Amino acid sequence: MAIRTTLYGYQVKNGKTVIHIEESEVVKKVFSLYVEGKTLNSIATMLTEEKVAYFQDEVKWNKNTINRMIENEKYMGNEIYPMIISSSMFNQAKAMKEKKSCKQETHTPEVELVREIAVCGKCGSRFKRVNTWGAREKWMCSKGCKCSVYIDDAILEDAVRSNLNRVIENPDLLNVVADSQYMPTIDVTKEENELIRLLEQPKLDFSVVAKCILQGAKVRFDCCDYDNGELTEELKDEISSVDKIDYKIMKEYIKQIIIQPAGRIITVFINNAKITNGEAENASQFRKKSNEN
Ligand SMILES: [Zn+2]
């Protein structure tokens, strides 16, 4: 696939960067629409619907393209790029963006907590919330396993609350099944493969092999849901007397929030009990919707 190497709005003629008339009109339009209060998404949709070419015959615009455009200072002109956007227009767009992101940054402490303890349901790495400007939030795996889920804050928080509520109503849900099936994580598999590779070497370095075996044992231990009976009993006792769920309660009893690719949310309590939310359907609907865009 060919990729665009010249900044949108410009073309190179005789080794010089000059304004591309049609494209520069699009750039101006994008800035003025954004300053009027249109969202990145709606501008992208509009350009796509109007079949405005981004590059060659490519007409697919997305909010990232628009976002990069309104953030690009080159449009104000410099020694290489002629000016398309006045600095006052550029600054208006910048101010609009700050205004929008301020609005977005008002999270409840509960959502903040979820941000701290969310992990990817596929590989166990931290799940990170990508800032968007719409109502839905995109969550992405921090290791490149390409998992991403759209869940809005309210649904995520509701799922965690409802899991907690279920446990408060029925503390026995916290009983961790002692002989739950052993499921090696990706880390375990990786360590095992590394050990096999080392053992197949013609010359064995015992200190390296020993280190690998120890590391393997550690990751296997980490991935086991061992039954912590005492902690479970204590937790059941305490949690049954909770009368109001707030940030403090969540922080005290919840160890991890696992977000699965399909949008299912699993709450892991401090004794490793896992409670799955009944609202997974909700989240995946959001996901489907976003895929259609
Ligand atoms: Zn992952």
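The values are calculated or read from the model by the stated rules, or taken from the named source; none is laboratory data. Nothing here was measured: the structure is a model prediction, and the numbers come from that model. Cβ placement follows ideal geometry from the backbone for every residue including glycine, while neighbour counts extend to all protein chains displayed. Protein only, heavy atoms only, side chains kept; ligands, DNA and RNA dropped before computing areas. Shrake-Rupley method; radii C 1.70, N 1.55, O 1.52, S 1.80 Å.
Ser42 - would you say it is within 18 Å of Phe90 (Cα to Cα) and either at pLDDT below 90 or surrounded by 12 or more Cβ atoms within 10 Å (Cβ to Cβ) (or both)?
no
For region 123-142, state whether one or more residues are acidic (Asp, Glu) and at pLDDT 80 or above.
Taking every residue of region 123-142 in turn, none turns out to be acidic (Asp, Glu) and at pLDDT 80 or above.
Take the residues of region 230-267 that are over 17 Å from Leu113 (Cβ atoms) and among the aliphatic types (A, V, I, L, M): which is modelled with the lowest pLDDT?
Per the stated criteria, the residue is Ala262.
Of the conditions (1) within 19 Å of the chain's Cα centre (by Cα); (2) at pLDDT 85 or above, Phe286 clears all except one; give me its number.
(2) is the only condition that Phe286 fails.
Before we move on, is Ser86 over 30 Å from the mean Cα position of the chain (by Cα) and open to solvent by 40 Å² or more (accessible area, probe 1.4 Å)?
On the way: over 30 Å from the mean Cα position of the chain (by Cα): yes; open to solvent by 40 Å² or more (accessible area, probe 1.4 Å): yes.
Considered against the rule, which asks whether it is over 30 Å from the mean Cα position of the chain (by Cα) and open to solvent by 40 Å² or more (accessible area, probe 1.4 Å), Ser86 comes out as yes.
For residues in region 139-180 being in a helix (DSSP H, G or I) and charged (D, E, K, R), which is most open to solvent (accessible area, probe 1.4 Å)?
Within region 139-180, the match that is most open to solvent (accessible area, probe 1.4 Å) is Glu169.
Return yes when Lys122 is open to solvent by 50 Å² or more (accessible area, probe 1.4 Å), assigned by TED's automatic domain parsing to the domain that holds Glu238, part of a strand (DSSP E or B) and within 16 Å of the ligand (Cβ to nearest atom) and no when it is not.
When the stated conditions are applied, Lys122 does not pass them.
For every residue, the table says whether it meets (1) within 19 Å of Glu137 (Cα to Cα); (2) in contact (Cβ under 8 Å) with a residue 60 or more places away in the chain; (3) part of a strand (DSSP E or B).
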| site | (1), (2), (3) |
| --- | --- |
| Tyr8 | no, yes, no |
| Glu22 | no, no, no |
| Val30 | no, no, no |
| Lys38 | yes, no, no |
| Ala44 | yes, no, no |
| Glu79 | no, no, no |
| Ala93 | no, yes, no |
| Glu98 | yes, no, no |
